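Some notes on the structure that comes next.
The values are calculated or read from the model by the stated rules, or taken from the named source; none is laboratory data. Nothing here was measured: the structure is a model prediction, and the numbers come from that model. Cβ sites come from the backbone with ideal geometry, for glycine too, and all protein chains shown count toward neighbours. Heads up: the accessible areas ignore ligands, DNA and RNA and are worked out on the full protein's heavy atoms, side chains in. Shrake-Rupley method; radii C 1.70, N 1.55, O 1.52, S 1.80 Å.
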Amino acid sequence: MKKTIDIKWVIAHDPLYLFIRAAEFFQTAVNEKSDKYQVNVEIMTPTQYAEKYNAGECAMPNNDAARIDEISRLMDEGKIQMSQLVTTNLAAAYNKDMHVLDMPFLFRDHDHATRVLEGAPGKQLLAGLTKNSPLRGLAFTYSGGFRCLPSSKNARSLADLAGESIRTGMNPMARDTFSAININPVSMELHDTKDAMDRGTVVAGESAFPRIYPTGLNSSSKTVLDTGHSLFLTSIIVNEKWWDTLDSDLQEIITESAVEAARMERERSIEDGEEAKLRLANEG
């Protein structure tokens, strides 16, 4: 008789489909590898979690950095077991070494990124999370991939944005990079970029091709600069206290399945990006 393992996996970010497919793949992979365990993964948005487990009260803020605090609290209290979080925010909260992943032009291409993220450097960065948080990092996912710059200005190169204000993420690498080329960085959440562009607060904003249509930036942009200057990354994470209760063979299965799910997610994100590029070109 198989031992039942229940996992609550809360999706912390939009677009939801990017994260749901990774969680679904993980559940399939982990059960295919084991004849000893039946792993049930309950995949929920913050609202769904609140309705079922928190009397309808959703404490998840509409802020990526603050969401890390909430996900960490839920994990520390043993209420959820898994999630995915933006690597930049994990770096700011728990392991500043992870900011290295936001350095400009760190990766030559996707194959190079895979070797780094799945190799010793990636494993070392993930291990650093456990030292300072209730989280354990299992694998890196794209949830976007190489960054680009949708612009409300008819920008054909970065030189066309000199002196302008653009939205960047919360990482210091991005701010320093754009400041160095005479572009004014304005840190804000990705989901606020469209409104900021429409108001004229910024003329462009860091994003990734798979995220342009879900965030509505296509309707606010005249051009998209395919800069590929850094990677938009997330990480599959688990509750460290819960992890320590698992048998070592199950830990190995979960780790392998998370790596496979991450690999699939990165491949699909690349495909999503290429589809978005074609759609943007077709729409002028």
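Among 104-117, 129-142, 217-230, how do they line up by average Cβ neighbours within 10 Å per residue, starting with the highest?
The most tightly packed comes first, giving 129-142, 217-230, 104-117.
Name the long-range amide H neighbours of Ser83: under 5 Å, sequence gap of 5 or more, or other chain; modelled H, no Pro or chain starts.
Excluding prolines and chain starts, which carry no amide H, the hits are Ile237.
Can you compute 3J(HN,Hα) from phi for each residue in the range 231-247, using the Karplus curve 6.51 cos²θ - 1.76 cosθ + 1.60 with θ = phi - 60°, rounded to whole Hz and x for Gly and Pro?
9, 8, 10, 10, 9, 7, 10, 10, 6, 5, 5, 5, 4, 5, 8, 7, 5
If you take the alpha carbon radius of gyration of the chain and divide it by 2.2 N^0.38 Å, what ratio comes out, to two decimals?
1.01
Taking the mean number of other Cβ atoms within 10 Å as a proxy for protection, how do you rank 35-45, 198-208 from highest to lowest?
198-208, 35-45
I'd like the carbon and sulfur percentage of the solvent accessible area for the chain, probe radius 1.4 Å, heavy atoms only, ligands and nucleic acids excluded.
Answer for the chain is 48 percent, counting heavy atoms of protein chains only.
Determine the dipole magnitude for the chain: charges of +1 sit on the beta-carbon of Lys and Arg, -1 on that of Asp and Glu, nothing else is charged, the reference point is the Cα centre, and the result goes in debye to the nearest 20.
340
Taking the Cα centre of each part, how many Å lie between the range 173-232 and the range 125-155?
Between the Cα centre of the range 173-232 and that of the range 125-155, the gap is 16 Å.
Let me spell out the model: positive unit charges on the Cβ of Lys and Arg, negative unit charges on the Cβ of Asp and Glu, origin at the Cα centre of the range 149-284. What dipole size does that give, in debye rounded to 20?
900
Rank Met170, Ile7, Gly122 by how far each Cα sits towards the positive end of the charge dipole of the chain (+1 on Lys, Arg Cβ; -1 on Asp, Glu Cβ) and give me just the farthest.
With unit charges placed on the Cβ atoms, the residue in question is Met170.
What residue among Gln27, Ser257, Val186 has its Cα farthest toward the positive end of the dipole of the chain, where the charges are +1 on Lys, Arg and -1 on Asp, Glu, each on the Cβ?
Val186
Amide H to amide H under 5 Å from Val202: which residues, 5+ apart in sequence or cross-chain, H placed 1.01 Å off N in plane?
Met197
With r as the distance between the Cβ atoms of Ala55 and Thr201 and R0 = 51 Å, compute the FRET efficiency 1/(1 + (r/R0)^6) and round to 0.05.
Once the sixth-power term is evaluated, E becomes 0.85.
With θ taken as phi - 60° and the coefficients 6.51, -1.76 and 1.60, list the Karplus ³J(HN,Hα) couplings across the range 214-223 in order, rounded to whole Hz; mark glycine and proline as x.
x, 9, x, 5, 4, 7, 10, 10, 9, 9
Just the number please: accessible area per residue for the chain, 1.4 Å probe, all protein chains included, in Å².
Averaged over the residues of the chain, the accessible area is 44 Å².
Please give the helix 16-32 orientation as an angle from the longest Cα principal axis of the chain, in degrees from 0 to 90, rounded to the nearest 10.
Result, in degrees: 30.
Hey, with R₀ at 25 Å, roughly what FRET efficiency would Gln124 and Asp176 work out to, going by the Cβ-Cβ distance, to 0.05?
That pair, Gln124 with Asp176, gives E of 0.60.
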